[in-house]
Amino acid sequence: MRWLVAPVALLMLAGCGGGSAPDDDTPTTTPAPQTYTPKQLEAALPEAGDIPGGTRIGVRCPQDAEACTTYPQGTVAVTAHVDPASPVGAEQVQDPATPIDFVAVQARRQADAAAASDAIKDARSFNEPYEGEFDLPERKTDDGGIIRPARGKGSIDDVTIDGWTGVVARRTETSSRSKTDQGLLIATISLSSGRTSVTAFVSLSAAQREPDAAVDLADGLVRDYIERLG
């Protein structure tokens with residue numbers, strides 16, 4: 001994993017649901033999660049105009065086959081990477097050292113519900129090094145990529161949004177090699193329902209932004225995706 005706007009307070013953390021419990025002798029049924037076709041998953045992806053400042057879809061899978069990742073057999077993935085025209089929620093920063101904002105939404109139809117749940121576990125595992133205070137060296141990923149050295153503070157929480165369950169990970173980080181890095185606000189929300197999983201990843205320059213800017217944007221992205229999916 002490499003990697004619209006709603007207040008972070010609207011995130012429904014697991015265990016915070018309301019309502020009264022039914023009587024013990026009252027039969028209850030839970031509707032089976034819907035299974036979506038690849039076309040439905042793709043149609044629900046955001047367009048550039050759905051992102052504040054978005055100008056174009058930089059990569060859209062599966063059309064841009066050469067830039068798309070290959071997933072295990074039985075998995076269908078659709079992805080939209082949006083290129084913002086300028087920093088989302090901030091005035092244009094002219095400093096060439098300012099990181100480029102990155103926004104992406106990915107949905108996968110997994111082989112089965114267990115695989116979708118495993119995808120959420122993977123999302124949690126990927127973000128665990130960033131939980132609490134962290135100071136990490138440069139690292140290589142399994143596919144040969146490089147993750148920059150970073151220090152900062154982050155958190156991981158369980159979350160439920162519109163019946164989809166998963167995790168929300170957020171952090172503020174700066175490069176441990178730079179004395180002038182103004183830092184990044186990074187948020188990932190990964191959810192699953194049945195055999196479908198969806199992830200919103202947002203990385204924003206921290207300059208001129210509120211601390212919740214990235215997680216607010218990620219929250220809105222997944223909510224809008226689920227609403228469009230129907």
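Throughout, read-outs are computed from the coordinates displayed, never taken from laboratory work. Here the structure is a predicted model, which means the values were calculated and not measured. Virtual Cβ from ideal backbone geometry, glycine too; neighbours counted across all protein chains shown.
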For labels at Ser125 and Glu138 in the simple 7 Å Cα→Cβ model, what's the distance in nm?
-> 2.6
Full extension between Gln208 and Lys153 adds, at 0.36 nm per residue less the Cα distance, a length in nm of 17.9 nm
